[in-house]
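The values are calculated or read from the model by the stated rules, or taken from the named source; none is laboratory data. Please read all numbers here as calculations on a predicted model, not as lab measurements. Every residue, glycine among them, receives a Cβ derived from its backbone with ideal geometry; neighbour counts consider all protein chains shown.
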Amino acid sequence: MKITIAKDGYPFIFGALIAVAFAHFLNFKYLTYLFILGTAFFLVFFRNPERIIPKQKGILVAPADGVVKRVFKMGKLKEIYIFVRPLDVHINRSPVSGIVEKIEPKHGKHKMAFRKSATENEENYITIKSGKNKIIVVQVVGFIARRIRCWVNLFDKLEIGQPIGMLLFSSGTRIIMPAKAKILVKEKQIIKAGETIIAKIK
């Protein structure tokens, strides 16, 4: 399996490597070890493993790695909330093929991403038009994760499973879809972005 490093990780990794070299030059043994551990952490955190993307028609794949915290219906929509744990891959992927119709940041708080109060947190809404359906991926910041990276622009054409952004450190991702979609995952299930089929829709 091919693993690359997300471009947003370069400043963190290079900064940690410079710190390692500087501490080693000054003969600060334990500080050198600490910075080496920091470098290793950033390499793991910003990893971008290759994913095997399913190609069936009418499916939605997970937009994030993590644990399904909530699955519920609200009027004419259904929503799945995914908690992205600190050691999960933090790259968001497009759940469907389609066109980016809207990108809408929403300012908010920075509460723990696994709590229900996280609905008040800062978010970034990415609306994807896929055929007759609109699918919304919501990048959610948490108490630790206070930065969102969106890698797509309005009217970009996306392929299912394509990387579309990143959450810097532990946070969450919501996916909103029409109520006619058939949900295929359940709460507490561990899923992988771009690989796990989470719903089917016509």
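Brief remarks follow.
- Filter pass, G142 being in a strand (DSSP E or B), at pLDDT below 95 and under 15 Å from G66 (Cα atoms): no
- The condition (being modelled with pLDDT of 95 or more, in the same structural domain as L168 (by TED's automatic domain parsing) and of a type in the set (S, T, N, Q)) is satisfied by just one residue among S117, S94: S94.
- Residues of segment 6-60 classified as over 20 Å from F169 (Cβ atoms), touching a residue at least 24 places away in the same chain (Cβ under 8 Å) and of a type in the set (K, R), total: 2
- Scanning segment 46-80 for residues that are assigned to a strand (DSSP E or B) and either at positive phi or buried (at least 24 other Cβ atoms within 10 Å of the Cβ) (or both) yields a total of 4.
- Given (1) at pLDDT below 95; (2) crowded, with 21+ Cβ neighbours inside 10 Å, index of the condition I148 fails: (2)
- Given (1) at pLDDT 90 or above; (2) within 22 Å of F169 (Cα to Cα), index of the condition I3 fails: (1)
- The combined condition, being in contact with a strand residue (DSSP E or B) (Cβ under 6 Å, 6 or more places away or on another chain) and under 27 Å from K188 (Cα atoms), is fulfilled by F46.
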